[in-house]
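Everything below concerns the one structure shown next.
The values are calculated or read from the model by the stated rules, or taken from the named source; none is laboratory data. It should be emphasised that the depicted structure is a prediction, and the values quoted were computed from it without experimental measurement. Positions of Cβ are generated from backbone atoms using ideal geometry, with glycine treated the same way; all protein chains shown enter the neighbour counts. Side chains are part of the model used for accessible areas, which takes the heavy atoms of the whole protein and leaves out ligands, DNA and RNA. Shrake-Rupley method; radii C 1.70, N 1.55, O 1.52, S 1.80 Å.
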Amino acid sequence: MRSKTLLTVLLLLGATLLSGCGYNQIQQKDEATKGAWSEVLNQYKRRADLIPNLVNTVKGYAAQEKEVLIRVTEARAKVGQINVNADDAASLAAYQKAQGDLSQALSRLMVVTENYPNLKSDQSFRDLQAQLEGTENRITVARGRYIQTVQDYNTYIRSFPQNLTAMMFGHKQKPNFTVENEAVIQNAPTVDFGAAPAPPAPPAVPAPPAAPAAPASAAPAPAY
């Protein structure tokens, strides 16, 4: 009986010490980062699901834009091939780069569609465009929340005395989105459709007519 009581006291004491050292909070913040990351993946998947219909709709009106359509399709395929691990910096960086490449390919595609009024007036295309714009906004929000939760987690486990608890139980800092990669993801690409033709040379202005020459003065008569 006494041993059971002693064991209970030790367990309660251990739980109190762990709680005071931030163990429970570390678990909560770790779960928060996992939840935020799941939302990031969910929104990226939503965008990927919209792309095939978008490409097919554009193809119906602008099949000649084959290069742009291929780039979008290949960028989407590359994203789907990456098995991302958000706790691994190299894996997260590769995933970011792939998503950035896809964002740029999509931006170029949307710029190209400006040249096709019939496509822009198509209801299916307009619906897809609206869904894509909404998804891009959701991606930005989800990514921002994930950045904040990771920063909160990393700051917490680096602070004393939580850093001792984190070290004891193997909780390490998590990699995060970087400023450089964020700029690549969010900035639209520069689209160059080739060098613009040189403007025509202005017509030559005819030279004004020369003034008539003054009559020569009469030579003086010779003296005899």
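Condition test on Ala75, is it surrounded by 14 or more Cβ atoms within 10 Å (Cβ to Cβ), within 21 Å of Gly134 (Cα to Cα) and either at pLDDT 95 or above or of a type outside the set (A, V, I, L, M) (or both)?
It is true that Ala75 is surrounded by 14 or more Cβ atoms within 10 Å (Cβ to Cβ), within 21 Å of Gly134 (Cα to Cα) and either at pLDDT 95 or above or of a type outside the set (A, V, I, L, M) (or both).
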Looking only at the stretch 100-134, which residues are of a type in the set (Ser, Thr, Tyr), part of a helix (DSSP H, G or I) and either over 18 Å from Thr73 (Cα atoms) or touching a Pro at 6+ places or on another chain (Cβ under 8 Å) (or both)? Ser107, Ser124
Here the residues within the stretch 153-181 that are under 15 Å from Tyr23 (Cβ atoms), open to solvent by 40 Å² or more (accessible area, probe 1.4 Å), modelled with pLDDT under 95 and outside any loop (DSSP other than H, G, I, E, B) are Asn163, Leu164, Met167, Met168, Phe169
Conditions first: (1) out of contact with any helix residue (DSSP H, G or I) (no Cβ under 7 Å at 6 or more places or on another chain); (2) of a type in the set (Ser, Thr, Tyr); (3) in contact (Cβ under 8 Å) with a residue 40 or more places away in the chain; (4) more than 26 Å from Asn83 (Cα to Cα). Ser124 passes all but one, so which condition is the exception? (1)
Across (1) closer than 23 Å to Phe177 by Cβ; (2) of a type in the set (A, V, I, L, M); (3) open to solvent by less than 10 Å² (accessible area, probe 1.4 Å), Leu119 clears everything bar (1)
Val84 passes all but one of the listed conditions (1) assigned to a helix (DSSP H, G or I); (2) open to solvent by 20 Å² or more (accessible area, probe 1.4 Å); the exception is number (1)
